[in-house]
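To keep things clear, I will list the structure first and then write my remarks on it.
Where a number appears in this text, it was derived from the coordinates with a stated rule and is not lab data. Source: prediction; values computed, not measured. So basically every Cβ, Gly included, is an ideal-geometry build from the backbone, and we count neighbours across all protein chains shown.
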Amino acid sequence: MRIASFHFLFAALLLAAATPRADAATVDDGVLVIGALHDLHDSEPAFGYDQLRAAILAFAPDVLVIEVRPDELAERKATPGRPEYPAVVWPLLAHMEVESIAMEPGGEMFETIAGEAGAAFAALKQRDPDGAAALSRLDSDIEQILLRYWQNAGQVQDATTASLAGSVQAAQFVLVGPAFAAAQSRWDKHMADQTRQAVRNNPGKKMMVIGSYRNRAMLEAAVREIAPRRVLDASDWIGRLNPAKTVGDQIGK
């Protein structure tokens with residue numbers, strides 16, 4: 001009971017600190033697609049966990065579409081590679097009145113696609129270990145470039161970020177080959193389809209879609225195909241949030 005009360009106070013403090021300016025107000029049926037940073041939240045002060053939490057609270061969606069499997073959402077599981085869920089999203093869901101929808105494939109589809117992708121990468125390591133090492137270096141180098149590029153939260157959501165992140169996947173398709181490209185395409189299509197269906201099922205509602213900085217542009221394009229009027233500019237909206245103090249600042253730590 002004491003823990004729940006602390007989290008409620010924690011959320012209320014951030015909401016008060018992160019209210020956007022009046023000219024950043026969203027329409028009642030807007031769809032905001034944002035990209036989380038996964039492990040990079042710890043390294044990026046412009047868009048750390050506090051900023052992600054503040055953005056969710058300030059937008060106050062009626063519907064939240066998130067990059068997890070249905071079982072992860074239902075059981076609030078640990079999400080390997082996506083630490084923002086146990087760190088930010090799961091605690092918020094305990095106190096927000098919001099419908100939550102998982103966009104990732106689950107069950108047999110998850111096992112099949114993940115297995116195909118893993119096998120494709122394993123095959124690359126066997127036939128071209130130098131190529132596999134080059135891909136790993138490229139991924140790390142792009143992360144470092146992005147961390148230097150990001151000077152404010154809005155840039156995390158912009159076209160430059162999408163282009164740089166997309167270069168890694170393009171290199172993977174070239175080196176890992178068509179088996180991986182096909183698996184990734186099925187994965188992306190499922191997430192895009194789930195997102196589009198959620199938008200179709202919720203006319204007149206304010207929606208937030210949380211993908212990653214790697215696929216945010218793809219998910220926004222999926223929404224734009226069916227509801228272009230509802231799509232909000234994520235870079236502009238996030239960039240207009242008033243700078244939020246950290247919770248430690250607010251409680252005097």
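Worth a mention:
- The convex hull around the C-alpha trace of region 55-105, projected and averaged over every direction, spans 3.4 square nanometres.
- Distance between the pseudo-spin-label points of Ala74 and Ala171 (7 Å out from Cα toward the beta carbon): 3.9 nm.
- Extension gain, Ala221 to Ala87, is 45.5 nm, computed as 0.36 nm per intervening residue step minus the present C-alpha separation.
- Directionally averaged projected area (convex hull, Cα atoms, region 2-250), nm²: 13.5 nm²
- Region 109-253: radius of gyration over Cα atoms, expressed as a fraction of 2.2 N^0.38 Å: 1.26
- Sorted on the mean count of surrounding Cβ atoms within 10 Å across their residues, most packed first, peptides 31-41, 223-233 read 31-41, 223-233.
- Ser212 long-range amide H proximity, modeled H, under 5 Å: Ala36
- Inter-label distance, Asp62 to Ala94: 2.8 nm, where each label sits 7 Å from its Cα along the C-beta direction.
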